[in-house]
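Asker: Below is one structure. I have some questions about it.
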Amino acid sequence: MAYLDGIGSPSDLKTLKLKDLPLLAEEIREEIIAVVSLNGGHLASSLGVVELAIALHYIYDAPKDKIIWDVGHQAYAHKLITGRRERFGTLRREGGISGFPKRSESPCDPFDVGHSSTSISAALGMAVARDMEGEAYKIAAVIGDGSMTAGLAFEGMNQAGHLGRDLVVVLNDNEMSISTNVGALSNYLSRIITGVKAEKLRRETEQFLKKLPKVGEQVLKVASKTGERVKGLLTPGMLFEEMGFSYMGPIDGHDIRMLTEALGDARERKGPVLVHVMTTKGKGYEYAENDPTAFHGTPPFNVESGETAGGGGVSYTGVFGDALVELAGKDPSIIAVTAAMPEGTGLTKFAKEFPGRFFDVGIAEQHALTFSCGLAACGKKPVAAVYSTFMQRAYDQVVHDLCMQNLPVVIAMDRAGVVGEDGETHQGLFDISFMRNVPNLVFMAPKDENELRHMLHTALKLNCPVALRYPRGKGVGVPLDKEFEELAVGRAEIISEGSDLCIIAVGNTVNPALRAADTLSGSGYSVGVMNARFIKPIDRDAIIAAASSSRRILTVEENVLSGGFGSAVLEVLEEAGITNVPVKRIGVPDVYVEQGTQAQIRKRLGLDAEGILQAAEVFISERVLAE
């Protein structure tokens, strides 16, 4: 690592000669591959922008100049250049550096990111603040072509073009988001690539006409007044120019000399500039180049073979995908919708089996929900599969378009609860609180993968909005029933009864609650466990019955306590006038939960069997003393 060892900050990078930068790029790639192979992480996206990260820091003066990485899952090279080399081995580990840019981690990270399409809006806000203060630093936002499919990116570009502030947007075009890009914008960008020859033709034509005395000048004047149609035929990037941006590109994103020249030019231009850069996702690592989707967010893997670390058992995601295919085979009205996550949400098999009934709308969760509502309004049964953390982006659609109209759309919320190494931006710890207060919604959470099958079947039988939340990772390992069972709506499962304590658990907290209850029972306590099943409508009768038969109630959920399931139980007891039964809630406190493995985080939050046991023992002993 002859070059990388000497890079402790962006200023060190500038001491290198331009001819040395490709060698630095090779070293950075080796470091990224080595660390991600051990820790897991976002490999293909980070490998694709190594030269771009180097060129940006070679031209810009961070942290004075602001470089904002959209999503930020591609910013590993940026981290290595900006003083985090020594800690890079802790990437995504508990107590280590984040897998995403983070303001508290480095002054070279001007904005916390993790969700798509925020960079242009944030950069424009910074540009306006800069100009109001009379300062002169530069700002660049790096956004992928996949992220450009989201409305927020265009909202930011629309205002940026209108305000005309100095701002550079680098469009990193690798023809992918996580999966292959879809939509008209993707097709347009693909056409721009073939438009490189047209751009060359335009320049050569202008140069030729300028050499013709008088006649050439007159032709150029006429051409400039004939409207934009001719220019649109000969100039790639016309869309961006119409929005008020100067367009540069397409540019080879792996040619550092070309990149530095273009970025240097863009940095000095006035007004908003869009630099269109073409990159290859997974560049420099054969397995990631050949299968960038598999190496988007990868577990640890063998560098030599490219094989990822295995693990027994099926995942909740896989069980959901298989169940949906099985159900759709019997009901042609079932349609699957995803927002650029067919692999992540388990819908690839559905897409192959029923291509005419599968829709990937790109990174556009709001559109995914309202599109599904339109389908439902015309008699279809759409299932919109979205990660819990990304459902936050479509909350207005849940309230206004879905539940207000009481339409039969099923929202399958994968990655609900503790997610793990992706950290604060991706934990699915808020959905119970922001979903359970919406009228007309049925909200379920399975205790295991078999119950998930029955809940999906039940959801598709109901003529109303339904949300399912289920966790990331492997299931409990229970056998799957061959036949689907329709569950009684709003009815909890009473697994056991107890007079000393009743534990009411939600979703994947049921099984650790059962293990804690077994230990307590072995110590002589009478402990009951209730599987809530339904967050809404909540089983009021079962909760009131538990309050009558048990001296204490303990609720457990992988969600923030504020407004969560435990709060719903308290509401039931208050409405029933029950004030003499103490309730303790276990969940997530009022904090953003930092990265770590799922097991580490659950232990930290007291949401594993040991944590539930300890909380229950303290709760019981406190009440015994009080009595």
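Asker: Angle between the Cα long axis of helix 151-163 and the longest principal axis of the chain, 0 to 90 degrees, nearest 10?
Answerer: Rounded to the nearest ten degrees, it is 40.
Asker: Show me 509-516, 391-398, 482-489 ranked by packing, highest mean number of other Cβ atoms within 10 Å first.
Answerer: Top to bottom by mean Cβ count within 10 Å: 509-516, 391-398, 482-489.
Asker: Calculate the dipole size of segment 493-626 relative to its Cα centre from +1 charges on Lys and Arg beta carbons and -1 charges on Asp and Glu beta carbons; express the result in debye to the nearest 20.
Answerer: Numbers: 12 positive and 17 negative charges, 26 e Å.
Magnitude of the dipole: close to 120 debye.
Asker: What does the charge add up to near Gly344, with Lys and Arg as +1, Asp and Glu as -1, over the other residues with Cβ less than 9 Å from its Cβ? It would help to have the intermediate numbers written out before the result.
Answerer: Values: positive: Arg415; negative: Glu343, Asp414.
Every neighbour counted, the sum reads -1.
Asker: For Ile586, which sequence-distant residues (separation of 5 or more, or a different chain) have an amide H within less than 5 Å of its own amide H, given hydrogens modelled in the peptide plane?
Answerer: For Ile586, the qualifying residues are Thr555, Val556, Glu557.
Asker: How big is segment 406-544 on each of its three principal axes, counting only the C-alpha atoms and giving the largest first in Å?
Answerer: Sorted largest first, the three principal extents are 49, 38, 34 Å.
Asker: Towards the positive end of the charge dipole of the chain, with charges on Cβ (+1 Lys, Arg; -1 Asp, Glu), say which of Val478, Gly563, Val277 has the farthest Cα.
Answerer: Going by the charge dipole, the pick is Val277.
Asker: Please figure out what share of the DSSP beta bridges in segment 316-469 is antiparallel and state it in percent, rounded to the nearest 5.
Answerer: Working: 1 of 21 bridges.
The antiparallel fraction comes to roughly 5 percent.
Asker: Listing Ile81, Ile256 from the residue with the fewest other Cβ atoms within 10 Å to the one with the most, what is the order?
Answerer: On the way: Ile81 27, Ile256 22.
Going from sparsest to densest Cβ surroundings: Ile256, Ile81.
Asker: Among bridges DSSP assigns within the chain, what percent are antiparallel (round to 5)? All intermediate terms of the calculation are to be shown ahead of the outcome.
Answerer: Numbers: 10 of 65 bridges.
Roughly 15 percent of the DSSP beta bridges within the chain come out antiparallel.
Asker: Using the Cβ atoms and a cut-off under 10 Å, what net charge is assigned to the surroundings of His78, where Lys and Arg are +1 and Asp and Glu are -1? Present the calculation step by step, with values, prior to reporting the outcome.
Answerer: Numbers: positive: Lys79, Arg84; negative: Asp109.
Combined, the nearby Lys, Arg, Asp and Glu give +1.
Asker: How do 376-385, 449-458 rank on mean C-beta neighbours within 10 Å, highest first?
Answerer: Values: 376-385: 19.6, 449-458: 23.1.
With the highest mean Cβ count within 10 Å placed first, the list reads 449-458, 376-385.
Asker: Once you have the Kirkwood Rh of segment 551-592 from its Cα pairs, apply Stokes-Einstein at 37 °C and 0.692 mPa s and quote D in µm²/s. Kindly include the intermediate steps, with their values, before the conclusion.
Answerer: Details: Rh = 10.7 Å.
For these conditions, the coefficient is 307 µm²/s.
Asker: Relative to the first principal axis of the alpha-carbon coordinates of the chain, what is the inclination of helix 449-461, with its axis defined by its Cα atoms, in degrees from 0 to 90 and to the nearest 10?
Answerer: 80 degrees
Asker: Using only the alpha-carbon atoms, how far is helix 184-194 inclined from the longest principal axis of the chain? Give it as 0 to 90 degrees, nearest 10.
Answerer: For 184-194 against the chain, the angle is about 30 degrees.
Asker: Now for a different question. Mind checking which of Cys403, Gln74, Ala62 is farthest towards the positive end of the chain's charge dipole, using Cβ charges of +1 (Lys, Arg) and -1 (Asp, Glu) about the Cα centre?
Answerer: About the Cα centre, the residue reaching furthest to the positive side is Ala62.
Asker: Taking R0 as 25 Å, what FRET efficiency do you get between Glu261 and Asp5 from their Cβ-Cβ distance, rounded to the nearest 0.05? Please report the intermediate quantities before stating the final value.
Answerer: Values: r = 28 Å, r/R0 = 1.10.
E(calc), rounded to 0.05, equals 0.35.
Asker: Taking the Cα centre of segment 281-341 as the origin and placing charges on Cβ (Lys, Arg +1; Asp, Glu -1), which of Phe301, Gly313, Ser333 is farthest toward the positive end of the dipole?
Answerer: Ser333
Asker: Assuming 0.36 nm per residue, please report the length gained on full extension of the stretch Glu30 to His162 beyond their Cα-Cα distance.
Answerer: Roughly 43.3 nm would be gained on extension.
Asker: Moving on. Specify the inter-centroid distance of segment 507-538 and segment 93-160, based on alpha-carbon positions, in whole Å.
Answerer: Computed from Cα coordinates, the inter-centre distance equals 44 Å.
Asker: Once phi is turned into θ = phi - 60°, what whole-Hz ³J(HN,Hα) does the Karplus curve with 6.51, -1.76 and 1.60 give for every residue of segment 127-140, x standing for Gly and Pro?
Answerer: 5, 5, 4, 4, 5, 5, 8, x, 8, 10, 6, 9, 9, 10
Asker: Rounded to the nearest Å, what's the spacing between the alpha carbon centres of segment 264-341 and segment 560-614? Just the number, please.
Answerer: Here the answer is 33 Å between Cα centres.
Asker: Could you sort the peptides 84-93, 574-583 by per-residue average Cβ neighbour count (10 Å cutoff), highest mean leading? Please report the intermediate quantities before stating the final value.
Answerer: Working: 84-93: 17.2, 574-583: 12.0.
Answer by packing, highest mean first, reads 84-93, 574-583.
Asker: Charges at C-beta only: +1 for Lys and Arg, -1 for Asp and Glu. How large is the resulting dipole of the chain about its Cα centre, in Debye rounded to 20?
Answerer: Numbers: 64 positive and 80 negative charges, 324 e Å.
Roughly 1560 debye, rounded to the nearest 20.
Asker: From the helices alone, meaning DSSP H stretches of at least four residues, give me the mean residue ellipticity at 222 nm for the chain, per-run term -39500 (n - 2.57), in deg cm²/dmol to the nearest 500.
Answerer: On the way: 25 runs with 253 residues, N = 627.
It lands at -12000 deg cm²/dmol.
Asker: Using each residue's phi in segment 361-377, evaluate 6.51 cos²θ - 1.76 cosθ + 1.60 at θ = phi - 60° and report the 3J(HN,Hα) Karplus result to the nearest Hz, with x for Gly and Pro.
Answerer: Result, ordered by residue: 8, x, 6, 7, 4, 4, 4, 4, 6, 6, 4, 5, 5, x, 4, 5, 5 Hz.
Asker: Here's another thing I want to ask about it. On a full-extension model of 0.36 nm per residue, what is the gain between Asn437 and Arg491, subtracting their alpha-carbon distance, rounded to one decimal in nm?
Answerer: Working: separation 54, 0.36 × 54 = 19.44 nm, distance 1.85 nm.
Result: 17.6 nm gained on full extension.
Asker: If R0 is 56 Å, what FRET efficiency do you get for Gln405 and Val618 from their C-beta distance, rounded to 0.05? Let's see the in-between values first.
Answerer: Values: r = 46 Å, r/R0 = 0.83.
The pair Gln405/Val618 has a calculated efficiency of 0.75.
Asker: Oh, and also: What residues qualify as long-range amide H neighbours of Val419, i.e. H under 5 Å apart, gap of 5 or more or another chain, H built at 1.01 Å from N?
Answerer: Hits under the 5 Å cutoff: Gly428.
A short reminder: the numbers here are calculations on the coordinates, not readings from a lab. These numbers were taken from a predicted model, which means no experiment stands behind them. All Cβ positions, glycine included, derive from the backbone under ideal geometry; neighbour counts span all protein chains shown.
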